[in-house]
Amino acid sequence: MTKSNPHTILKTENLTIGYASKKANTIVTSNINMALKKGQLIGLVGANGIGKSTLLRTLTHVQDKLSGTVFLNEKNLETYTNADLAKTMSLVLTEKIASKNLSVFELVALGRQPYTNWVGNLSANDLEVVNRALNQTNIEALKDKKCFELSDGQLQKVMIARALAQDTDLIILDEPTTHLDMYHKAYILKLLQKLVKETHKTILFSSHEIDLAIQLCDTMVVMTNNTVITDTPCNLISEGVFETLFPKDLIAFDKKSGSFRVRK
Ligand SMILES: Nc1ncnc2c1ncn2[C@@H]1O[C@H](COP(=O)(O)OP(=O)(O)OP(=O)(O)O)[C@@H](O)[C@H]1O
C-alpha cells in the first residue's frame, strides 16, 4: 500500500474497472494505480472506447469497481455516505440533462441540494454561492432563460456553474467539450483552468481535445491499452506516451507542436 499524502485528492490502488455480469466480468482496464494532486486541472485522454467514461463513473461511485480501492481525500470511497460524497465531489454529465425545463438559475441552484433543507429553501449563503457560480462562469445574463433555449456551449457553462454551486473539492466532467466548435472547446477548457486558479478546487475532465489539454492541464491521465499513465504534459511528451495512443497509419504526434498531424 502506498503512503497517504494530504496533497492527494484522489488515489487508486490496483483498481480494476469494467462490467460485472453473471456469466463473466468484462474488464476494461486492470490494476490502475494513480494519485491526483489537489488544486490542479487534470485532463483524461485516450482513444474512443478505451474506458474513460468507465473510469470516471467508477471514480465517482456511479458504477461499481471490479476490484481494488479508490481513496477520496485519503478516505475509502466506499465508506462515504451519499450526503458526504455530494459535498466532496461533483459530476458533470452534459449528455443527460433531464431538467431542461428549469431556468438557468434554478438548474444552478440544484447544486445546493446537498446543503438545503428538505423543502429545498435557499438560505442567504446558498443564494450567494449560486450567484458567485453564475458570475464565475459568465452566465449572469442568462439566468432567467430556460435551459432548453440554450446553445450547447451555454448549457455547458450552466452545468459547470451547477457543479461550482455544489462547492466540492473535486469536480469531474465527462467530455465537457463534446458538440462545441473549436473556439468554444478552448473557451470551456480555459474556463476550467481559470476556475482551478481562482477556487483552488481540483478539476478532472475527459476529452478528445488532446492538443488543448496538453496546453492547459497541469497533469494528464493517459489511457492506453491496459495502462493508465499520469504525469505532466511535458513529461508525457518527452516520454513518447502520446505516440502510443492511436494506430500509426493516419496520424502522427508532433513533439515540437504538441499536436497530432495527418500523415501526407
Ligand atoms: N454498460 C456496458 N456494459 C458492458 N460494456 C460496456 C458498457 N458501457 C461501455 N462498455 C464497454 O467498455 C469499454 C469502455 O467504454 P467507455 O465508454 O468507458 O470508453 P470511452 O473511452 O469513454 O469511449 P468514448 O471516447 O468513445 O466515449 C468499451 O469497450 C465499451 O464497449
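What the table shows:
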read-out	value
Qualifying residues in segment 82-102 (those that are more than 16 Å from the ligand (Cβ to nearest atom), open to solvent by 30 Å² or more (accessible area, probe 1.4 Å) and over 21 Å from Thr202 (Cβ atoms)) - the one modelled with the highest pLDDT	Leu102
Given (1) within 9 Å of the ligand (Cβ to nearest atom); (2) touching a residue at least 40 places away in the same chain (Cβ under 8 Å), number of the condition Gly43 does not satisfy	(1)
Residue within segment 180-199 that is open to solvent by less than 20 Å² (accessible area, probe 1.4 Å), in contact with a strand residue (DSSP E or B) (Cβ under 6 Å, 6 or more places away or on another chain) and of a type outside the set (A, V, I, L, M) present	no
Thr16 modelled with pLDDT of 95 or more, closer than 19 Å to Val222 by Cβ and not hydrophobic (A, V, I, L, M, F, W, C)	yes
Contacts under 6 angstrom Cβ, first residue in segment 17-39 being more than 26 Å from Leu170 (Cα to Cα), partner near the ligand (Cβ under 9 Å from one of its atoms) and modelled with pLDDT under 95, 6 or more apart	none
Exclusive hit being away from the ligand (no atom under 16 Å from the Cβ) and touching a His at 6+ places or on another chain (Cβ under 6 Å), set Lys38, Lys11	Lys38
Condition check for Leu36: within 20 Å of Leu195 (Cα to Cα) and either open to solvent by less than 40 Å² (accessible area, probe 1.4 Å) or touching a Leu at 6+ places or on another chain (Cβ under 6 Å) (or both)	yes
Meets criteria (within 26 Å of His61 (Cβ to Cβ), out of contact with any helix residue (DSSP H, G or I) (no Cβ under 7 Å at 6 or more places or on another chain) and open to solvent by 50 Å² or more (accessible area, probe 1.4 Å)) for Asn117	yes
Enumeration of residues in segment 192-225 that are over 29 Å from Lys75 (Cα atoms) and within 13 Å of the chain's Cα centre (by Cα)	His208
Counted residues, segment 133-151 - those being under 21 Å from the mean Cα position of the chain (by Cα) and open to solvent by 80 Å² or more (accessible area, probe 1.4 Å)	1
Residues (among the basic types (Lys, Arg) and modelled with pLDDT of 95 or more) located in segment 199-254	Lys201
Residue in segment 182-205 that is of a type in the set (Gly, Ala, Ser) and more than 13 Å from Ile42 (Cβ to Cβ) present	yes
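Matching residues to (1) surrounded by fewer than 16 Cβ atoms within 10 Å (Cβ to Cβ); (2) of a type in the set (S, T, N, Q); (3) assigned to a strand (DSSP E or B):
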{"site": "Thr16", "(1), (2), (3)": "no, yes, yes"}
{"site": "Lys22", "(1), (2), (3)": "yes, no, no"}
{"site": "Thr29", "(1), (2), (3)": "no, yes, yes"}
{"site": "Ile32", "(1), (2), (3)": "no, no, yes"}
{"site": "Gly43", "(1), (2), (3)": "no, no, yes"}
{"site": "Gly49", "(1), (2), (3)": "yes, no, no"}
{"site": "Arg57", "(1), (2), (3)": "no, no, no"}
{"site": "Val70", "(1), (2), (3)": "no, no, yes"}
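The values are calculated or read from the model by the stated rules, or taken from the named source; none is laboratory data. Please read these numbers as outputs of a predicted model, since none were measured by experiment. Every residue, glycine as well, gets a Cβ built from its backbone with ideal geometry; the counts of neighbours run over all protein chains shown. These accessible areas exclude ligands, DNA and RNA; they are computed on the full protein's heavy atoms, side chains included. Shrake-Rupley method; radii C 1.70, N 1.55, O 1.52, S 1.80 Å.
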